Amino acid sequence: MDATLADDEDLVGLICSRLPCLFDQIGVQQLSRCWRAAVARLPPPLPLILLPDGGPLSCVAAGLCSHNLRIPEYARGARYFGAYAGGWVFLAIGHSSDHVLFNLRTHQIIRVPDQLRISCHHLSRSREAVIIAATLSSSPTDPNCIGAAISQGRSIGKFVCTFWLLRVSKLALGINVSHSHGLEDLIYYDGAFHFLTSKEDLLIFRLSEFSDDGLISSASAQQVIRSFSASGDGRDYGSHRVLRYLVESRGNLLMVTRILSAPKIEFKLFEMEEKRTEPLHNGSISYNWKQIHSLDGRILFLARGCSKSYDMSDYPELEDAIYFLDDGRSYKDYTFFSEGAVPRYPCCSDSGKWLEAKKPGLNVVEFLREQEPSTCSPPTWFFP
């Protein structure tokens, strides 16, 4: 390469800003110190699609170009149920058992409890559980990192909220959902775990007390139910099935709903809105999901437990859009956890990019058309 080009910081910076693919960025860093400095100034790399069965990584920001990844044999047939920044992925190596947090870059493994103790039971007997979706309170390198999950107790048959102290807990704390409705998604936001119900209410947990063996005190995990007005603008979905996600964007909590109204796909965005009543009415606080009628420069990547929001201003080559992956809910993947069930995840039929500016019927770009159905897992996002 010409030395004058290698030393032209403005030109190098411009070229690097047009390289959305993480692997391209890694490649140009080998050229010189100037290129390494330019890549270091770039915004965080966007997520990649991690295909099941040990498949390659696909970069949605660069036309789905594929990159092979060295994955140990024991992790190739695992089920993905979440992801975290730094190359971490939640895996169920036995599909419905042997849950772990696995780093795809370093191959480090952190065990996740397979058993839980339901808080309403005074007996010490533990129960086996299947984890459906999980997230973390902070980086796994934090010694105080707490894990949380939507789990399904085998002997209970319904979903429970579960919590454990990473690297310490041998048994997770399980809390039955007091609502008679299902759990859709979870997120760690504003210092607490938030679980979204199918009625679009929030169950909020702030955890603080742990025993020496990592057991979380049920007294410190009491849930706060945040109910939302049922008459919110735009929340009438008719008879259509709805998938719901939580994502933090620009410091606010958003609920994104995906309406399954075949053959078209529709998304709606709502922002959590806090309303205070007058002191005359005890000064209480009520909450509402306020509809947002535009992405407004957002780029959203949706998946249970690990949805992320980015700003288009940081990625000039992209347009505001919603990227979504098959996560099993559209065909009730929980039926795959019953004894003798043979899972079959149709990866190609439920993943794509939704463009707000396009006309209905033309606003979805499908991904993974050539991908064969998997018998172990849907795809997930990989956050470098």
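The values are calculated or read from the model by the stated rules, or taken from the named source; none is laboratory data. Keep in mind that what you see is a predicted model, and the values were worked out from it rather than measured. FYI the Cβ positions are ideal-geometry reconstructions off the backbone, even for glycines, and counts take in every protein chain you see.
Among what's in the stretch 181-209 and is over 19 Å from Val242 (Cα atoms) and of a type in the set (Asp, Glu), pick the residue that is modelled with the highest pLDDT.
Ranking the qualifying residues of the stretch 181-209, first place goes to Asp190.
So, of the residues in the stretch 293-328 that are among the hydroxyl-bearing types (Ser, Thr, Tyr) and touching a helix residue (DSSP H, G or I) at 6+ places or on another chain (Cβ under 8 Å), which turns out to be surrounded by the fewest Cβ atoms within 10 Å (Cβ to Cβ)? So that I can check it myself, show each step before the final result.
First, the residues of the stretch 293-328 that are among the hydroxyl-bearing types (Ser, Thr, Tyr): 294, 307, 309-310, 313, 315, 323.
From what's left, touching a helix residue (DSSP H, G or I) at 6+ places or on another chain (Cβ under 8 Å): 315, 323.
On the way: Tyr315: 18, Tyr323: 24.
Residue satisfying both the conditions and the ranking: Tyr315.
Out of (1) modelled with pLDDT of 85 or more; (2) part of a loop (DSSP other than H, G, I, E, B); (3) among the charged types (D, E, K, R); (4) within 24 Å of Gly82 (Cβ to Cβ), the odd one out for Asp296 is which?
(4) is the only condition that Asp296 fails.
Can you pull out every residue in the stretch 13-40 that is under 26 Å from the mean Cα position of the chain (by Cα) and not in a helix (DSSP H, G or I)?
Leu19, Pro20, Cys21
Starting from the stretch 227-256, take each residue that is farther than 22 Å from Ile285 by Cβ and list its partners that are at pLDDT below 80 and of a type in the set (Lys, Arg), counting only C-beta distances under 9 angstrom and pairs at least six apart or across chains.
What qualifies is Arg241/Arg329; Leu243/Arg329.
From the list Gly86, Gly55, which one is outside any helix (DSSP H, G or I), surrounded by 15 or more Cβ atoms within 10 Å (Cβ to Cβ) and not aliphatic (A, V, I, L, M)?
On the way: Gly86 fails: surrounded by 15 or more Cβ atoms within 10 Å (Cβ to Cβ).
Going through Gly86, Gly55 in turn, just one is outside any helix (DSSP H, G or I), surrounded by 15 or more Cβ atoms within 10 Å (Cβ to Cβ) and not aliphatic (A, V, I, L, M): Gly55.
Can you find, within the stretch 62-83, the residue that is farthest from Glu319 (Cα to Cα) among those that are crowded, with 22+ Cβ neighbours inside 10 Å and of a type outside the set (Ser, Thr, Tyr)? Please lay out each step first, then the result.
Within the stretch 62-83, the subset crowded, with 22+ Cβ neighbours inside 10 Å is 78-83.
Within this subset, residues satisfying the condition of being of a type outside the set (Ser, Thr, Tyr) are 78-79, 81-83.
Numbers: Ala78: 33, Arg79: 31, Phe81: 28, Gly82: 26, Ala83: 24 Å.
Across the stretch 62-83, the extreme among qualifying residues is Ala78.
What number goes with the only condition from (1) modelled with pLDDT of 95 or more; (2) touching a Gly at 6+ places or on another chain (Cβ under 9 Å); (3) within 28 Å of His67 (Cβ to Cβ) that Ser137 does not pass?
Among (1) modelled with pLDDT of 95 or more; (2) touching a Gly at 6+ places or on another chain (Cβ under 9 Å); (3) within 28 Å of His67 (Cβ to Cβ), the lone unmet condition for Ser137 is (3).
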